[in-house]
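Read the structure below first, then the notes.
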Amino acid sequence: MKATSPITVGSPSRAVGRGRLSGRAATSWLYWLIPATFVIHDAEELLTMPGWVSDHKSQLTMLFGRLGLDGLADLMPSTFTRASIAIACVLIIFVVFTAGVVREPQSRMWRYLFGGLLGVFFLHGFTHIGQTVAFGTYTPGVVTAALLVIPVSAFVYRRLLAGGGLDRRHTVIATVVAAALFIPATLTAMLFAAWLD
């Protein structure tokens, strides 16, 4: 009789599990590039925004007044503590949405949330460039917006789109919705920071 090799119960399932884990690890770094870029970008804002806001308070007050947003200049982070709190609030959103899509990459909800976040982050980079053009001088975050936020966001989008991690149509829709919520979310973060500071 030929000796038969022992069969390990559950081996195929463990192999499949390892395959899924390795596949997830192969793409998870792409998702995490976005919060990592946010941290670097907002480190620039954190170091420069308080002083910049104080130096340009009169210009900001005039600008917001013309837009019918009187009092908004007073909410701008003019201290290191206030800027830190506002940035931390936004960072929580980046981490939660990224962790969600990494953990459940097939979840439609998490893919929509991350797609909207990615789209708004990409557009946010251009708002920094627009602010610099409007003020005719350096504005907080413009360097990393041009060098990191825009190119990294575009790179992640292309890679995830090619690999099936994102859907173009749904990402565009999610971005439009997220863009509409961006200003209220930012104002809420600044209000919370002002309340705690």
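The values are calculated or read from the model by the stated rules, or taken from the named source; none is laboratory data. As the structure is a computational prediction, the values presented were derived from the model and not from experiment. With ideal geometry, Cβ positions are generated from the backbone for all residues, glycine too; neighbour counts draw on all protein chains shown. These area figures cover heavy atoms from the full protein model, side chains too; ligands, DNA and RNA do not enter into them. Shrake-Rupley method; radii C 1.70, N 1.55, O 1.52, S 1.80 Å.
With a point put 7 Å past each Cα toward its Cβ, work out how far Val96 is from Val172 in nm, to one decimal.
2.9 nm
Of Trp32, Trp110, Trp195, which has the most accessible area with a 1.4 Å probe, and how do the rest follow in descending order?
The ranking, largest first, comes out as Trp195, Trp32, Trp110.
Round to the nearest 10 and report in Å² the accessible area of Leu181, as given by a 1.4 Å probe over the protein chains' heavy atoms.
110 Å²
Arg103 to Leu47: FRET efficiency via 1/(1 + (r/R0)^6), r the Cβ-Cβ distance, R0 30 Å, to the nearest 0.05?
0.40
Using a Förster radius of 45 Å, what is the FRET efficiency between Leu30 and Arg66 based on their Cβ-Cβ separation? Nearest 0.05, please.
Efficiency for this residue pair is about 0.65.
Identify the residues of the stretch 54-90 with backbone N under 16 Å of a label point that sits 7 angstrom from the Cα of Leu196 along the Cα-to-Cβ direction, or state none.
76-90
Can you sort Asp55, Asp167, Asp42, Asp74 by solvent-accessible area, 1.4 Å probe, largest first?
My answer, sorted largest first, is Asp55, Asp74, Asp167, Asp42.
Run the numbers for Asp55 and Thr127: contour at 0.36 nm per residue of separation, minus the present Cα-Cα distance, in nm.
23.9 nm
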